[in-house]
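The structure under discussion appears below in the form of structure tokens.
The values are calculated or read from the model by the stated rules, or taken from the named source; none is laboratory data. Note that the structure is a prediction, hence the values are computed from the model and not measured. Ideal geometry is used to build each Cβ from the backbone, glycine not excepted, and the neighbour counts take in all protein chains shown.
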């Protein structure tokens, strides 16, 4: 079920400046880490942190970090599920849930400053349970009367589904509540929540997706993809949570197959690179996020960010980028149930020219 690996930090074998550790963290040395990023054999810094319900946060904001990382470090950590692991058996109720999506973090990234970009490469995401949970909740969901979309019809009642997970076949099983029907669903584990502290001293609820990332419910936060986040405060202050074993586009009923996760990430600071909204990249695509209401404004944000990306990094004029996107872009509606809706605009790299090599950046000594 929940991972029990101890909190510790494995430090570089070369001399480095001492840095603060989270309470209880330990330093150790070990041989080179096998390279999840292409088989590198050099010594690599790996920070481990294990969260429990006593440690979770419910907002993105400025808070004491639970651990510190340097640019290039790997992070092994875990998350509890969106219900705080409170729903375990038939008959359990949403009244057992203590708050919004519980978050692991924040993690302070040395050298990250406002105006930089934090790159988060997702190395691995593993379901940390033999069961997932789905639910209908009064006042929540795309087809349910809510405070944002009031209706005179009655809302849906509370209902809870338990999803047995078969790790051998990499599937979860849906069992209908009102019939004997069941079907297996392939797993695609990902982090529903990942983001940094917002700008301006704001603290934002863990259910909100916005410029800082947050509750994007994006299956793109999965192994093989890199997420780019704008840095708003010193250290970035990275949070993550809301593990999903699988989810349909739109998350229309309000939940995915909610599970705790074990994750490995690699963080890197891109100095002087300023972006307005989260972005994703993998070997095949670049992707830009928009999060807002109404839905068409979320789409406009995503495509505006994509146009700006193509202009800055690929040499397009704005109008050429706009025209090309109109012909080959794809759209992913990740969720339409939260305070902001999330759209991800995508373009395959086969339609883009080679990206010029990035200019090297030199961080000041000390």
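A few notes on this one:
- Candidates 234, 223, 276: the one that is surrounded by fewer than 21 Cβ atoms within 10 Å (Cβ to Cβ) and in contact with a helix residue (DSSP H, G or I) (Cβ under 9 Å, 6 or more places away or on another chain) is 276.
- All told, residue 114 meets the bar of being under 25 Å from residue 278 (Cβ atoms), surrounded by fewer than 19 Cβ atoms within 10 Å (Cβ to Cβ) and in the same structural domain as residue 94 (by TED's automatic domain parsing).
- Any hit, segment 53-63, residues being farther than 17 Å from residue 206 by Cα and touching a residue at least 60 places away in the same chain (Cβ under 8 Å): no
- Count of segment 280-297 residues which are surrounded by fewer than 24 Cβ atoms within 10 Å (Cβ to Cβ) and touching a residue at least 12 places away in the same chain (Cβ under 8 Å): 11
- Test: residue 169 is farther than 21 Å from residue 336 by Cβ, part of a loop (DSSP other than H, G, I, E, B), at pLDDT 95 or above and out of contact with any strand residue (DSSP E or B) (no Cβ under 9 Å at 6 or more places or on another chain): no
- Filter pass, residue 1 being within 24 Å of the chain's Cα centre (by Cα), loosely packed, with under 14 Cβ neighbours inside 10 Å and either modelled with pLDDT under 95 or not in a loop (DSSP other than H, G, I, E, B) (or both): yes
- Filtered residues of segment 234-251 (kept if part of a loop (DSSP other than H, G, I, E, B) and either more than 26 Å from residue 53 (Cβ to Cβ) or within 10 Å of the chain's Cα centre (by Cα) (or both)): 234, 248, 249
- Only one entry of 133, 122 meets the criterion of being closer than 16 Å to residue 244 by Cα, modelled with pLDDT of 95 or more, in the same structural domain as residue 224 (by TED's automatic domain parsing) and surrounded by 19 or more Cβ atoms within 10 Å (Cβ to Cβ), and that entry is 122.
- Number of residues in segment 249-259 that are surrounded by fewer than 24 Cβ atoms within 10 Å (Cβ to Cβ) and within 14 Å of residue 129 (Cβ to Cβ) equals 0.
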